[in-house]
Amino acid sequence: ELYGRKLHENEFFCIKSDSQSYLGYRDGKKIKKVQPVENIMDDLMGVKARNREQLYALNLLCRDDMPLVSLAGLAGSGKTFLTLMTAIDALNKQKYERIVITRNIQPVGRDIGFLPGSADEKMAPWMAPIMDNFRHGLKDKNLMYFRAMRDKGQIEVAPLAFIRGRTFSNTFLILDEAQNASIHELKTVITRMGEDSKLVLLGDTDQIDTPYLDSLSNGLTIVAEKFKNSNLAGHVLLTKGERSSLATIASQII
């Protein structure tokens, strides 16, 4: 027990003693249920965790026995970047056959109306944050590498509205801006997941743009709460901004 209650499945904790600390988590699948948090940063596309919560997130993202991961946190905390780099690393190691990226296309502020072009062209503005992280993580490879992966079918951009009826097997699926999705929309996505796949839900419950949702009724919050006692899911709240000092303080005071 910790703080007078039992740990939830895959819940992380830190025990401090003088100048030393122990990072662990509860794993109900094993006889020894308390497991140490692994330092897995060295062989992950050059990505290194900048704080304790990012290390927790990387542990969940890299676990093959963890089909559902949800990451919440303020803007610039590294949710999308860590997830995208982990997905590309897993694809390179042939753990999955493809990466599928989707999001709820809820605009911030006033709607700009219909966008011209194909489905890919219509999704381009909504995928800009993903591309920004792609550029930051892969530097000189960026766009050419991304386009080559898309041409091979290794990366797919799919609007959330077109998910129903599909099955995602051997897939690393990233659902960005999950706080703007209802629990019914997320249930649709989760029930689409096939064998040997991972679904990662990303979002910031302080940045909800859907009028009928709030910090408690949005799909991301409900999924994290419903799955807290399942050994198939894990949730991490990232509390520290790493984008810039300005972005971090803006998230806190505005």
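The values are calculated or read from the model by the stated rules, or taken from the named source; none is laboratory data. Here the structure is a predicted model, which means the values were calculated and not measured. These area figures cover heavy atoms from the full protein model, side chains too; ligands, DNA and RNA do not enter into them. Shrake-Rupley method; radii C 1.70, N 1.55, O 1.52, S 1.80 Å.
With a 1.4 Å probe and all protein chains in place, put Glu97, Glu11 in order of accessible area, largest first. Let's see the in-between values first.
On the way: Glu97 125, Glu11 40 Å².
So the residues, ranked largest to smallest area, are Glu97, Glu11.
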Violating pairs (Cα-Cα greater than 27 angstrom) within the set Lys29/Lys240; Lys198/Lys228; Lys79/Lys226 = Lys29/Lys240
Any idea of Ile249's accessible area? Nearest 10 Å², probe 1.4 Å.
-> 80
Heavy-atom accessible area ranking, 1.4 Å probe, most first, across Phe168, Phe227, Phe162, Phe12 | Phe162, Phe227, Phe12, Phe168
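Tell me, what are the semi-axes, in whole angstrom and largest first, of the equivalent ellipsoid of region 146-199 as set by the roots of 5 times the Cα gyration tensor eigenvalues? Walk me through the intermediate numbers first.
On the way: eigenvalues 82, 37, 18 Å².
Largest first, region 146-199 gives 20, 14, 10 Å.
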Accessible area, probe 1.4 Å, largest first, for residues Arg26, Arg147 = Arg147, Arg26
If the chain between Ser215 and Asn92 were fully stretched, how many nm would it gain, using 0.36 nm times the residue separation less the Cα-Cα distance?
-> 40.7 nm
Quantify how much of the Cα-Cα distance distribution of region 173-241 extends past 19 Å, in percent.
-> 30
